[in-house]
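**Q** Take a look at this one; I'll ask things after.
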């Protein structure tokens with residue numbers, strides 16, 4: 001059977017979020033789930049090409065956006081455009097634009113941090129959340145930005161980058177054709193984390209899924225322990241990148257969503 005069309009009504013479009021055009025696409029019908037991708041990725045790379053849209057459309061209307069600085073959305077070069085809660089506000093703005101009062105939420109890596117902030121800022125808008133590739137970094141935020149990664153994005157060549165994680169992100173960003181100045185601006189921006197008090201106040205079902213060999217995001221154990229009733233699943237033999245398209249990851253999320261009570 002063919003996969004879902006990328007122009008399934010209401011299809012693809014853009015909306016203005018504080019002066020930045022945000023690209024989105026909608027697949028299928030029914031109860032909505034909003035997908036938020038990871039750093040250097042996009043709606044297409046994180047969710048369509050990996051088979052997630054095919055996996056989820058039998059049970060959800062899938063709503064995905066390209067985060068600012070990524071994909072087909074606007075790519076400001078000013079760190080202020082990525083600071084504070086601008087990116088969680090893009091998620092809420094997309095739901096408002098499409099007239100979605102409540103939705104399930106699914107973020108990966110950077111998208112998990114955005115999703116947690118959106119959830120704790122506007123808990124009445126969400127009925128569950130899936131956090132993939134999430135760990136301690138979601139709690140701490142980036143109050144001083146990430147200057148090492150920003151410098152890596154702006155370096156004249158990859159060989160001059162000494163930090164191995166930052167070098168890996170630069171190589172991935174270049175390979176995927178990203179706007180390096182936009183990613184540097186994102187990396188320089190100050191963004192809050194999520195406090196333990198806010199995590200303790202989450203009262204919707206939460207699923208956290210990480211590759212067992214993921215060394216990039218910090219341990220997910222503390223994050224899971226801080227959220228009442230959160231379920232944590234670690235996929236053996238997978239790391240931050242290889243877990244994204246993993247069949248066990250998909251089956252775990254599909255099971256979690258299918259077990260949620262009806263709206």
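Rule-based calculations on the coordinates, nothing more; no lab input. Everything quoted here is computed from the prediction, not taken from an experiment. Note that we place each Cβ from the backbone using ideal geometry, even for glycine, and neighbour counts take in every protein chain shown.
**Q** I'm a student and want to see the number: the projected area of the Cα convex hull of the chain, averaged over all directions, in nm².
**A** Orientation-averaged projected area of the Cα hull: 13.0 nm².
**Q** Another question, if that's okay. Could you order the peptides 82-90, 100-108 from most to least packed, using the average number of other C-beta atoms within 10 Å per residue?
**A** On the way: 82-90: 20.2, 100-108: 22.6.
Most protected by this proxy first, the peptides run 100-108, 82-90.
**Q** Let me ask another. Sorted by average packing, counted as other Cβ atoms within 10 angstrom per residue and highest first, what order do 34-40, 255-261, 135-141, 208-214 take?
**A** Numbers: 34-40: 25.7, 255-261: 12.9, 135-141: 19.0, 208-214: 21.7.
Packing proxy ranking, top to bottom: 34-40, 208-214, 135-141, 255-261.
**Q** Hey, what did the chain get for relative contact order, percent, Cα under 8 Å, at least 6 apart? Write out the running numbers ahead of the final one.
**A** Values: 535 pairs, mean separation 48.2, N = 263.
That works out to 18 percent.
**Q** Another one. With runs of 4+ DSSP H residues as the only contributors, calculate the mean residue ellipticity of the chain at 222 nm using -39,500 (n - 2.57) per run, divided by the residue total and rounded to the nearest 500. Working shown, then result.
**A** Values: 10 runs with 86 residues, N = 263.
Calculated at 222 nm, the ellipticity per residue is -9000 deg cm²/dmol.
**Q** With just the Cα atoms defining each centre, how far is the range 90-165 from the range 47-87? Give it in Å.
**A** If we compute the Cα centre of each part, the gap is 10 Å.
**Q** Considering all alpha-carbon pairs of the range 146-188, what whole percent are spaced by more than 12 angstrom? If you can, show how the numbers build up before the last one.
**A** Details: 445 of 903 pairs.
Tail fraction, whole percent: 49.
**Q** If you stretched the chain out fully between residue 18 and residue 101, how much longer would it get, using 0.36 nm times the residue separation minus the C-alpha to C-alpha distance? Don't skip to the end; give the middle numbers.
**A** Numbers: separation 83, 0.36 × 83 = 29.88 nm, distance 2.04 nm.
Result for the pair: 27.8 nm of gain on full extension.
**Q** Would you kindly state how much longer the chain becomes between residue 239 and residue 258 on full extension, computed as 0.36 nm times their sequence separation minus their alpha carbon distance, in nm to one decimal? Kindly include the intermediate steps, with their values, before the conclusion.
**A** On the way: separation 19, 0.36 × 19 = 6.84 nm, distance 2.58 nm.
Length difference between fully extended and current span is 4.3 nm.
**Q** At a Förster distance of 41 Å, what's the computed FRET efficiency of residue 29 paired with residue 165, Cβ-Cβ distance as r, to 0.05? Provide the component values of the computation, followed by the final result.
**A** Numbers: r = 40 Å, r/R0 = 0.99.
With R0 = 41 Å, the Cβ-Cβ based efficiency is 0.50.
**Q** As a test, work out the antiparallel percent of DSSP beta bridges whose residues both lie in the chain, rounded to the nearest 5.
**A** Working: 12 of 36 bridges.
Counting DSSP beta bridges with both partners in the chain, the antiparallel share is about 35 percent.
**Q** Be a star and scan the range 131-167 for residues whose amide nitrogen sits under 14 Å from the point 7 Å along the Cα-to-Cβ vector of residue 190.
**A** 141-147
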